[in-house]
1. For a quick protection proxy, order the peptides 389-396, 159-166, 175-182 by their average other-Cβ count within 10 Å, most packed first.
2. Residue by residue through the stretch 340-348, what is 3J(HN,Hα) from phi via Karplus (6.51 cos²θ - 1.76 cosθ + 1.60, θ = phi - 60°)? Round to whole Hz and write x for glycine and proline.
3. With axes computed from alpha carbons, what is the tilt in degrees of helix 409-418 against the longest principal axis of the chain, rounded to the nearest 10 within 0 to 90?
4. Looking at A228, L380, T120, which one has the Cα that reaches farthest to the positive end of the dipole of the chain (charges on Cβ: Lys, Arg +1; Asp, Glu -1)?
5. Quick one: work out Rg over Rh on the C-alpha atoms of the stretch 97-162, Rh as Kirkwood radius.
6. As I understand it, the dipole of the stretch 120-206 uses +1 on the Cβ of Lys and Arg and -1 on the Cβ of Asp and Glu, about the Cα centre. Which of F196, A185, T140 lies farthest toward its positive end?
7. Roll a 1.4 Å probe over the protein chains and send me the accessible area per residue for the chain in Å².
8. Enumerate the residues in the stretch 39-65 having an amide nitrogen under 19 Å from the point lying 7 Å beyond the Cα of E159 toward its Cβ.
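The values are calculated or read from the model by the stated rules, or taken from the named source; none is laboratory data. Please read these numbers as outputs of a predicted model, since none were measured by experiment. Reconstructed Cβ throughout: ideal geometry from the backbone, glycine too, with neighbour counts over all protein chains shown. We work out accessible area using only protein heavy atoms, side chains counted, and drop any ligands, DNA or RNA first. Shrake-Rupley method; radii C 1.70, N 1.55, O 1.52, S 1.80 Å.
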Amino acid sequence: MDSSFSDPVALLSEFVSYGSVSTQPECGPAMVLAREFVERHLEKLGFSVESVATPLHPVIVAQTGADLPAETPHIVIYGHYDVQPAEPLELWETPPFQAHIRGERLYARGAADNKGEVVTHMCALARVLERKPDLPLRITWLIEGEEEIGSPNFAHVLEKFKDTLASADFMLVSDTSIPTADQVAITTQLRGLVDFEIEVVGPKLDLHSGEHGGALLNPIQALSEILASLHTSDAKVNVPGFYDGVLSFPGWERDELKKLPEDEDAYQAFLGIPAFYTPEGMTPFESIRFLPTLEINGIGGGYQGPGSKTVIPSKAFAKITCRLVPDQDPADIMSKVRAAIESRTPNGVTLHFKEKADAPAYLIVPPGRENTPKDQSPVLAAAFKLAEYAFEKAFGSRPLYIRGGGSIPIIGQIRDIAGLDAVMVGLATPEDRIHSPNESFHLGVMNKGIAALEEIFDGLAQGN
């Protein structure tokens, strides 16, 4: 085994040092360094590596075992090398792109989303290859650089490698989460996504609020009225038809949620909120997983600096996303939300609506459940069983099957294009603070994850 894989912490420390923020153009050089890091280490593992160009950030496609017989198990491993912006920087206790270890955690942006998981997969595979250099597995890696911006350029890469992906048995993904460092979850749902911005424009320039106040509608006031209209007091999205087609959920899924080691009081304390805001009859854990949402992710307008500047701003904006559940059509939801916003835009301002990205929800049902598809692949069912065994052995508790609240747009795209389903076993915990300042990755989870994935690669090679 190459010595670099014998020290996963050092490997991850180097990886997170590259500030690969895909949404910030000034981070372009860091994106290149992060991609080259992945390519270099996959080559060390014996993979044939191709960097597939896109209009923005390349996708890494690495393959091994292509010359093995067609009946050899073939898996696809997915991950991403881009990360979220680190801002607000002043809230970080240590620099976001320098690894710092405190207790059992390594702190850095991207440590848990998704660089820690990429390193975990690499190290697990390195251990197996050290024992079995001629490992009878076909493996294809897909490591992209645009996941954090909705994977806008991934579809054409999938089309290019459609036949390769279609020949695989299943996809292995660890870009999801687990309830605690001791309780693993196998994710059965990824919510879909609708992403857009609205801009409300008033006067052609910022105006003196004393000389002009009272004569025109302030764009921030207009924007506030629009945003306030998008939810009802009972925590529902106030858009006509928004919940049309939302599937009911079977009882076994609610039973799995009841096995979560965290109760509502502990969750409320972790969030630091005075009360939950959920529809009647739904627990917060159910609302996250079974219902769609509309969230205001950012808002701005007017003077933002210290002190006072008495202006009526020329414009104001908001960034909004909707998380969707199975059987909601992203284009339909985008249309309905847009129509609602346009109808509620007051006179005196002009609305600009910018659609950015959308993706459908993804749902996979494990074997032996009441809603398991009758035509589910035996290989996929066996992969679920192997994952259950491997992660229970490493973590000491049976994995829970739980829907996730987040989104990975390309997982659904891969199923649509290549008919490939995913076994999603996460490694990130709520305490990892994904997307927030002071993100970290639990090193104990990483070590157990390496052991579990090593067991999975071994089991697949043995035909278990």
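1. Packing order, densest peptide first, comes out as 175-182, 389-396, 159-166.
2. 5, 5, 4, 5, 9, 6, x, 5, x
3. In the chain, helix 409-418 runs at an angle near 50 degrees to the longest axis.
4. Going by the Cα projections, it comes out as A228.
5. Ratio of gyration radius to Kirkwood radius: 1.08.
6. T140
7. In whole numbers, the chain has 42 Å² accessible per residue.
8. The answer is 52-61, whose backbone nitrogens lie closer than 19 Å to the label point.
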